[in-house]
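Here is the structure we will look at.
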Amino acid sequence: MASVADEITQQMAGRPLGTWVCTPRDFLGLGSRDAVDQALSRLVKAGTLRRIGQGLYDMPRFSPRLNRPAPADMAAAVAALARRDGVRIMPDGLAAANGLGLTNAVPAKTSYLTDGASRTLKIDDRTVRFRHGRPRIMQWAGRPAAPVIQALEWLGPDAADDPHVVTTLRRRLPDEVKHDLSQNINDVPGWAVPLARSIVSDQAVVA
């Protein structure tokens, strides 16, 4: 019969290196919490897994360019936290605006919004801040159009009213995102509704 450590290794090896971060909670079907914790500890000592934060582990890939294990996948780490703690997490507005090409500003610190408690964690030697977000914004977590709402919120009514914003988003957003925005237009902050309607003008908008 395979040990808990062997079972964990098999599950981790079944995914591309560096693409999945796990927590002890992911393996509770294999044994007791103590048994899982002990197995993870042994795998870290053996160099099979890497501990990247409190209760967060990955099987890193080696980076020839860096000549060392590649940094942890932050998106995978955040997904693991959300899965473990039963919360929703989404990038903050500046990161969303940067990703959509609406600003060249780069976040000085890695920051996210969550419907859980505000806190600061160390993940793979990076300080990551989680800030409690308003329900009106957090309801978009996991939706395709979430980055658009976050970016508009970060820009604010005055900056977001720049025609460049609508032109950029209309050009860059895939149909899936536009469709999500158009179908949930009533969930958009009131001041941003006219902008959202302009962005999805080629979609059927649900009033």
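Structure above, values below:
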| quantity | calculated |
| --- | --- |
| In segment 87-137, residue surrounded by the fewest Cβ atoms within 10 Å (Cβ to Cβ) [restricted to those that are within 14 Å of the chain's Cα centre (by Cα), at pLDDT 90 or above and hydroxyl-bearing (Ser, Thr, Tyr)] | Ser111 |
| Residue satisfying condition, being farther than 20 Å from Thr9 by Cβ and among the basic types (Lys, Arg), within set Arg42, Arg65, Arg51 | Arg65 |
| Hits in segment 3-38 - residues which are hydroxyl-bearing (Ser, Thr, Tyr) and closer than 19 Å to Ala77 by Cβ | Thr19, Thr23 |
| Residue match in segment 164-186 (condition: of a type in the set (Lys, Arg), surrounded by 14 or more Cβ atoms within 10 Å (Cβ to Cβ) and outside any helix (DSSP H, G or I)) | no |
| Criterion violated by Gln54 - all others in (1) in contact with a strand residue (DSSP E or B) (Cβ under 9 Å, 6 or more places away or on another chain); (2) surrounded by 12 or more Cβ atoms within 10 Å (Cβ to Cβ) satisfied | (2) |
| Condition met for Thr127 (over 26 Å from Leu173 (Cα atoms), out of contact with any helix residue (DSSP H, G or I) (no Cβ under 9 Å at 6 or more places or on another chain) and of a type in the set (S, T, N, Q)) | yes |
| Verdict on Leu17 being touching a Phe, Trp or Tyr at 6+ places or on another chain (Cβ under 9 Å), of a type outside the set (Gly, Ala, Ser), outside any helix (DSSP H, G or I) and touching a residue at least 24 places away in the same chain (Cβ under 8 Å) | yes |
| Residues of segment 41-77 satisfying the condition of being assigned to a helix (DSSP H, G or I) and touching a Ser or Thr at 6+ places or on another chain (Cβ under 9 Å) | Arg42, Leu43, Met74, Ala76 |
| Residue check for Val44: surrounded by 14 or more Cβ atoms within 10 Å (Cβ to Cβ), aliphatic (A, V, I, L, M) and either under 16 Å from Lys122 (Cβ atoms) or modelled with pLDDT of 95 or more (or both) | no |
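The values are calculated or read from the model by the stated rules, or taken from the named source; none is laboratory data. A quick note: this is a predicted structure, and the numbers were derived from the prediction, not measured. So basically every Cβ, Gly included, is an ideal-geometry build from the backbone, and we count neighbours across all protein chains shown.
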